[in-house]
Amino acid sequence: MVPTPNQNIELIIANEADKVYLSRIEDIDDDHLVVAAPMENGVLVAVRPETSVLISYKRVGPVAEGRYQASGIIKRRFRQENVPVLLIRLTSDWKKNQQRDFVRVNVLLEGIYNGLNECIVKDLSGGGLLFAAEEELEVGSVVFIDLKLDQNVIRLHGNIVRAVPKESGYEYGMSFINLDEQTRQLIIQFVYKRQIEIHRKVKNQNS
């Protein structure tokens, strides 16, 4: 679903992958966006042409509701009616994130659940995760996982919503509960950073 002018968006810039910048679409056509230049503490964020970005927005309403995302490359900076803007060339189609409110990416992260047992987190989003463990857990169980994201060690509490037996152990879908907004933002920033790494790797493989 293609967004429209005045749509609020989130921008993740490749060399600022640990931050999420708020912006707004000023103009759009099939291949390009003009968006308000992101600011931080009242100061314009310096962005170089040819920098890769991820653009995300949430559509609310009765038709095609959900979160959408596309990747792009900044082509130039300029002023439009005295407003600092960026021209972005889209390098992918807009894709809906599988009816989820949060972007989810594949990862391989070591964790400890319930303070004792080792696990491997296999995908992660701002709303939940998938982890593999040897022990059997019941759907509906409440667990906590200690996980390191970059330099941050976080504890995540959640409900087991899905259990799938595997040849060696189990895979569990976990939905977060009582997650504070600061921790959620750390996860979202980590996820976007991982997405940029994936997009960059795919681009290098295709070049």
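Specify whether the C-alpha gyration tensor of the chain places it in the rounded, prolate or oblate class, a ≥ b ≥ c being the square roots of the eigenvalues: rounded for a/c under 1.5, otherwise prolate if a/b is larger than b/c and oblate if not.
prolate
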> For the chain, what is the charge dipole size about the Cα centre, in debye to the nearest 20, if Lys and Arg each add +1 at the Cβ and Asp and Glu each add -1 at the Cβ?
Replying inline: 720 debye
> In terms of modelled amide H atoms, which long-range or inter-chain residues lie less than 5 Å from the amide H of Arg24?
Replying inline: Ile9, Ala36
>> Under a crude label model (7 Å from the Cα following the beta-carbon direction), how far is Val105 from Met39 in nanometres?
In response: 2.8 nm
>> Net charge within 14 Å of Ser168 by Cβ-Cβ distance, Lys/Arg positive one each and Asp/Glu negative one each, not counting Ser168 itself?
In response: -4
>> Compute the helix-to-body angle for 181-206: its Cα long axis versus the longest principal axis of the chain, expressed 0 to 90° and rounded to tens.
In response: 70 degrees
>> Run the simple label-point estimate for Ser168 and Arg77 please: 7 Å along Cα→C-beta, distance reported in nm.
In response: 5.0 nm
>> Under 15 Å from a point placed 7 Å out from the Cα of Asn6 along the Cα-to-Cβ direction: which residues of the range 17-53 have their backbone N that close?
In response: 24-28
> Applying 1/(1 + (r/R0)^6) with R0 = 41 Å to the Cβ-Cβ distance of Glu138 and Trp94, what FRET efficiency is obtained, to the nearest 0.05?
Replying inline: 0.60
>> Can you compute the modelled spin-label distance between Lys58 and Arg155, with each label point 7 Å from Cα toward Cβ, in nm?
In response: 2.7 nm
>> Give me a comma-separated list of calculated 3J(HN,Hα) values for the range 158-175, in order, Karplus coefficients 6.51, -1.76, 1.60 applied at θ = phi - 60°, integers in Hz, x for any Gly or Pro.
In response: x, 9, 6, 9, 7, 9, 10, x, 10, 4, 10, x, 9, 10, 10, x, 10, 9
>> Can you give me the long-range amide H partners of Ser141? Hydrogens built in the peptide plane at 1.01 Å from N, cutoff under 5 Å, separation of 5 or more residues or another chain.
In response: Ile160
> For the range 138-154, what does the Karplus curve 6.51 cos²θ - 1.76 cosθ + 1.60, with θ = phi - 60°, yield as ³J(HN,Hα) per residue in whole Hz, taken in order and with x for Gly and Pro?
Replying inline: 8, 4, x, 5, 9, 10, 10, 10, 8, 9, 9, 10, 6, 9, 10, 9, 10
> Let a ≥ b ≥ c be the square roots of the eigenvalues of the Cα gyration tensor of the range 129-171; is it rounded (a/c under 1.5), or, if not, prolate (a/b larger than b/c) or oblate?
Replying inline: oblate
> Along the positive direction of the dipole of the range 8-96 (beta-carbon charges: Lys, Arg +1; Asp, Glu -1; about the Cα centre), which of Val85, Asn41, Tyr57 reaches farthest?
Replying inline: Asn41
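Every read-out reported here was derived from the displayed coordinates using simple, explicitly stated rules and does not represent laboratory data. All values reported here derive from a predicted model rather than from experimental measurement. Note that each Cβ is placed from the backbone with ideal geometry, even for glycine, and that neighbours are counted across all protein chains shown.
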